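Coordinate-derived values only; no laboratory data. It should be emphasised that the depicted structure is a prediction, and the values quoted were computed from it without experimental measurement. Cβ placement follows ideal geometry from the backbone for every residue including glycine, while neighbour counts extend to all protein chains displayed.
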Amino acid sequence: MKKFSIEQQDKDLIGTSAFIRYHLFFDRAPQHILRVEMEIDKITHETITLVMPAWMPGSYKIREMVAHQGNVVITTNDGKLLQWHWTSKNRIEVQLYGATSIRLSYTYFANERGVRTSHVNRFHAYLMPVACLMYAEGREDEIHHLYFHHNRTNWKTLTSSLSPVKSNFEEDEPIILGALNYDIVADSPIDIGNHSVRKFDVFGKKHELAIMGNQDVDIEWLANEVKRIVEVECAFWGDLPYDRYIFMLLVGEGQRGGLEHARCNVSAVEPSAFSDKATAQGMLTLLVHEYFHTWNIKRIRPNELGPFDYSKENYSRMLWLAEGVTSYYDDYLTYRCGFLSKDEYLQTISQQHLARLERVPGRFAMSVRDSSYLAWVKLYSLSPDMNNRFPSYYLKGGIIAMMLDLYIIAQSNGTKRLEDGMKMLWELYKTRPEHGVTEEEVITAIEFATGIKVRSILFDWLDGTTELPYNEIFAPFGLTWGVKKEVQDTDTFGDGRFFASKNKSVFIGLSLKEEQGKVLVREVEDGTPAEVAGLGIDDEILCVNTKRVSSVNSFQQLISAVGAGNTALITALCDGTLYETTVIPKEVVNKSLMYVQDISNDQRRLLNFWLSLM
């Protein structure tokens, strides 16, 4: 079985040599072209197989990275052409005819910005190695070196968690970085250009914050906030599992998301994250989330997720642990960092988690463990019908993790937390870093660390498709999830002048979009008035009660004016054919996580234990 390790310190690569070397050239950067030359020595077989990965760890979808590769040429090191052929869409078999060294060269078109993709232009190069660097099958466990042939006068800064192979490089030589194996190469994104970097130490470990993109943002402020994240998460886990770590942040319009790595993470945000409070809090929560993965998924990982098969799906039913638990703790640790107040944290649980899941009919159609297993074809598909069929293991998994934490706190009478079980899993990893964990080992660790039996109730939640028992879990903490009483707006003020009351919000169960001057149905929720009325995805909405719909906002105003329980006539187009139907809006039911009246001392004590800042 292939060895597996993602642990590396910079000192491990100093003075090393490598029989597998990548030379990266940027002379065609204005055309978004990366040129790759891969040298492989000490070949002992008659053939060698070269593979371009088809997916990347942390993003469970076959992505066909080989589609951007071109101009493949394979020779001996002295330039003699070798025969080779494709054996599948991303695998090459090379006939060696006695050669013991080869050189593979190809181009890679890198023109997509994001945390999972590569982007090269005249001003910078961001490389995701797993998306653009082939590997030699059967030799993944060897040391790999990467040579960077770029103009260091124009591009002054190179940021990567790969390790330098010597202390200093002359101006006229390429920078050489290395990895102990291909898994570490694949897991180490690279940015070269003139981006801003700030460095700081926490508990003797080196940290960097790199801002990628051409936005002018307050890096000093963010560096201080990131330092706080490191301190809080170190206190959570007990130690830092690396010698050096990088927070890489892509700032640009339309950018979002993140991807974890063993010694760095890459996150992407809009520029407004530095000017709007709520967006800034969202950015900090994202950074907390990706950094938490340093322990939970990169190291505490399901058995199926390391060693990897980069050529096909690696199925796991345990993404509830990898992403669900992390999704619970990202908001919770954002609160511990002081980026959210107590009320803001409870409001986040209420609106960003519980209320969002209420709008996912798919929670009744599929379990969290099955949604994890089918992530490869479900999570990233963005089907307009997805919410009706598929509950995200991020969203529902995070709620289940919160409920598990509250259950442990209540059952232990405020002496134990889920956190204790996570720390035990971390200690288990340190005793056998080459191994992942099974669900059985996760349950055993939690039960041993907390003294609370959780197996039955946890699997009921993970395998179930019925509504989760929120209030049963919230009750010991003096909280309840339910309908919040609406305060009636007065229709007079001052000298008693009358003003028309606003129409109450109504619900019909669809979302709309505007395209080329048309108002189109984007989604229809199962079991809602829109579904009963027969409205369909991509239908064009023309009129409500014969009044023209000109925008999404005008539709909302017209349907609200109808009122709950009344009938509206909808005129629409389906595939170019006119039809009419009727819809009966429902009154919007606003649920909220609230304190119970007359909260008891015991309830307040457990609530304070849960929300203590440690």
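Per-structure values
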quantity	calculated
Separation in nanometres of the label points that stand 7 Å from Cα toward Cβ, at S88 and E427	4.2
Alpha-carbon radius of gyration plus Dmax, which is the widest Cα pair, for the chain in Å	27.4, 99
Helix 325-337 vs. the chain, principal-axis angle (Cα, 0 to 90°, nearest 10)	80
Cα-Cα over 22 Å, subset of K11/K42; K3/K80; K518/K547; K42/K298; K484/K586; K42/K80	K11/K42; K3/K80; K42/K298
Crossing angle, helix 277-292 versus the chain [Cα axis fit, 0-90 degrees, rounded to tens]	50
For L50, net neighbour charge (Lys/Arg +1, Asp/Glu -1) across residues whose Cβ lies under 11 Å away	0
Fraction of beta bridges assigned by DSSP in the chain that are antiparallel (%, nearest 5)	80
Fraction of beta bridges assigned by DSSP in the range 7-155 that are antiparallel (%, nearest 5)	85
Nearest-ten-degree value, helix 395-411 long axis tilted from longest Cα axis of the chain	80
Ranking of W610, W320, W461 by count of other Cβ atoms within 10 Å, fewest first	W610, W461, W320
Filtered GluC sites (Glu not before Pro), the range 210-289: DSSP coil and at most 16 other beta carbons within 10 Å	E253
Length gained when the stretch E467-L573 is fully extended (0.36 nm per residue, less Cα-Cα span)	34.6 nm
R63 versus D602: modelled label distance in nm, points set 7 Å from Cα along the beta carbon direction	5.1
The range 100-171 shape via C-alpha gyration tensor axes, a/c threshold 1.5	oblate
Sequence of Y108, Y22 once ranked by neighbouring C-beta atoms within 10 Å, starting from the fewest	Y22, Y108
Environment charge of S612, counting only residues whose C-beta is closer than 15 Å and scoring Lys/Arg +1, Asp/Glu -1	+3
Qualifying trypsin sites (Lys or Arg not before Pro) in the range 354-383, DSSP loop, other Cβ atoms within 10 Å at most 15	R359
Computed lengthening from S17 to T582, 0.36 nm per intervening residue step minus Cα-Cα distance	196.1 nm
Net charge of Cβ neighbours under 11 Å - reference W84; Lys, Arg +1; Asp, Glu -1	0
Global geometry of the range 261-352, whether rounded, prolate or oblate, following the gyration tensor of its Cα atoms and the 1.5 cut on a/c	prolate
Overall dimensions of the range 199-476 as given by Cα atoms, namely Rg and Dmax in Å	18.4, 52
Segment A365-D239, length gained on full extension (0.36 nm per residue, minus Cα span)	41.3 nm
Estimated inter-spin distance, E112 and N168, nm [label 7 Å along Cα→Cβ]	4.2
Footprinting exposure proxy for C264, C132, C337 (fewest neighbouring C-beta atoms within 10 Å first)	C337, C132, C264
In the range 47-97, the chymotrypsin sites (Phe, Trp or Tyr not before Pro) that fall in loop regions by DSSP, at most 13 other Cβ within 10 Å	Y97
